[in-house]
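Accompanying notes for the structure given below.
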Amino acid sequence: MDRVEAQEERRRRMRETVIARGFVRTADLAEEYGISLMTAHRDLDALQAQGWLRKVRGGATGLPSAQFHGSVAERMATMAHTKQQLARAAATLLVPGQTVLLDDSTTCLLLAHQLAEHTPLTVITNSLPAITTLAKEPGISLITLGGAYFPAYDAFMGPYTADAVRAFRADVLFLSTTAVTNGRCYHTSPETVQVKRAMMESAGRRILVADHTKFAKGGLYALAPLTDFDLLIVDDGLPAEQIRQVRAAGTEVMVVEGRG
């Protein structure tokens, strides 16, 4: 194994350690992997840049927070039944012949699995799992958005992806968010916000698909106010008063039964 391969393997094991334990001190990682403290910091910087974890004072964390959304596996397992119900509700709004923008969220990945029932459709997405799912569907004209690949998101992100989005115009966008606070959507990375803002600018109709737990979470980077969306699809776990507030502000709300 050469130096680069050894480094990649060490970083893979390091991220697995942080995710498994939740929090690990940088000094402990340096000792465990037989590297200098400076090398441990460089490894954590690289893993943070890829979205695998978040550096904090004294170490690194893999626990979800306002600055870190957790791994794809964690997000897929969280509110899984409710997300499936939301995806089914979103699918009922599709019209054959539309051009559809899908973001990289796990909720929209569940929606991607249902698109074949509503073909023909043109689908534009930066989500690698969605691309893999839709590539084999004969009724789907698939447009993929490139850019820098973020393994922890399993998606393409950043300025090149945002530029790619702006080359198109979609009939409808389905998008989810990490958190909704005081009527505004937030995410945990600026790269995510950059791409999703471009998607919102490129869609005729904007639909936010978010389970009720997103309204109790925090995020670091502001995406957009709820009033920038034409429709919110949410489960019935969101209090009635909050639903009234969203409607009063001008955004339509579709409430879905989320309990399994």
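The values are calculated or read from the model by the stated rules, or taken from the named source; none is laboratory data. For clarity, every value in this text was computed on a predicted model and none was experimentally measured. Quick reminder, even Gly has a Cβ in these numbers, built from the backbone with ideal geometry, and neighbours come from all protein chains shown. With ligands, DNA and RNA removed, areas are computed over all heavy atoms of the protein, side chains included. Shrake-Rupley method; radii C 1.70, N 1.55, O 1.52, S 1.80 Å.
What number of residues in region 14-31 are part of a helix (DSSP H, G or I) and surrounded by 14 or more Cβ atoms within 10 Å (Cβ to Cβ)? Quick ask: steps written out before the conclusion?
Just the residues of region 14-31 that are part of a helix (DSSP H, G or I), to begin with: 14-21, 26-31.
Imposing the further condition that a residue be surrounded by 14 or more Cβ atoms within 10 Å (Cβ to Cβ) reduces the set to 14-15, 17-19, 21, 26, 28-30.
Matching residues across region 14-31 total 10.
Could you count how many residues in region 229-249 are in contact (Cβ under 8 Å) with a residue 12 or more places away in the chain, in a helix (DSSP H, G or I) and open to solvent by 60 Å² or more (accessible area, probe 1.4 Å)?
Selection size over region 229-249: 2.
Can you list residue pairs whose Cβ atoms sit under 6 Å apart, with the first residue in region 148-173 being free of Cβ contacts under 8 Å to residues at least 24 places away in the same chain and the second being part of a strand (DSSP E or B)? Count only pairs 6 or more apart in sequence or on different chains.
From region 148-173, the pairs are Tyr149/Phe156.
Give region 32-44 a look and list any residue that's out of contact with any helix residue (DSSP H, G or I) (no Cβ under 7 Å at 6 or more places or on another chain) and either exposed (fewer than 12 other Cβ atoms within 10 Å of the Cβ) or assigned to a loop (DSSP other than H, G, I, E, B) (or both), or say none.
Result: Gly34, Ile35, Met38.
Which of the residues spanning region 142-195 are at pLDDT below 95, within 15 Å of Ile131 (Cα to Cα) and either charged (D, E, K, R) or assigned to a loop (DSSP other than H, G, I, E, B) (or both)?
Gly146, Gly147, Pro151, Tyr153, Asp154
Please go through region 194-222 and pick out each residue that is open to solvent by less than 10 Å² (accessible area, probe 1.4 Å) and of a type in the set (Val, Ile, Thr).
If the condition is that a residue be open to solvent by less than 10 Å² (accessible area, probe 1.4 Å) and of a type in the set (Val, Ile, Thr), then Val195, Ile207, Val209 are the ones that fit.
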